[in-house]
Amino acid sequence: LDCRHRLASHLHLDTMLAFDDMMNEIALRRKSLMREDDIETIGPTANPTRSGVVELCTCMPLGWVYACAAEEMELYAFFDSSIYVTVADVQTAATKIQDQFFGRRKTES
């Protein structure tokens, strides 16, 4: 068993479905960005300032489900709603995690 199976065995079904939805949404948005990049490289109005960062967050009764994808890196996290009450709390904690694991926050240019 890999880490995904261990994680799935300890989380509530609704939480796993939320993570699955976020993974699918990130995959769809990345495909969309890749198509847009292909179109922009053909035309004269390429947009080099677009960051390509996808950040998703949803609140559930059990907690917050958060996802962030930038370049080839993805971060998925679950935050306890009794500790992280607002979206700002979740974003602050997610920024700290990104700083710790990625060296700098990927949403900054």
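Rule-based calculations on the coordinates, nothing more; no lab input. This one's a predicted model, so the numbers in the text were calculated from it and none came from an experiment. Using ideal geometry, Cβ is built from the backbone for each residue, glycine included, and neighbour counts are taken over all protein chains shown.
Worth a mention:
- Per-residue packing, averaged as other Cβ atoms within 10 Å, sorts the ranges 89-98, 59-68, 5-14 into the order 59-68, 89-98, 5-14, beginning with the highest.
- FRET efficiency, 1/(1 + (r/R0)^6) with R0 22 Å, evaluated for Thr95 and Leu7 via beta carbons: 0.45
- Between Glu55 and Val85, the contour length at 0.36 nm per residue exceeds the alpha carbon distance by 9.0 nm.
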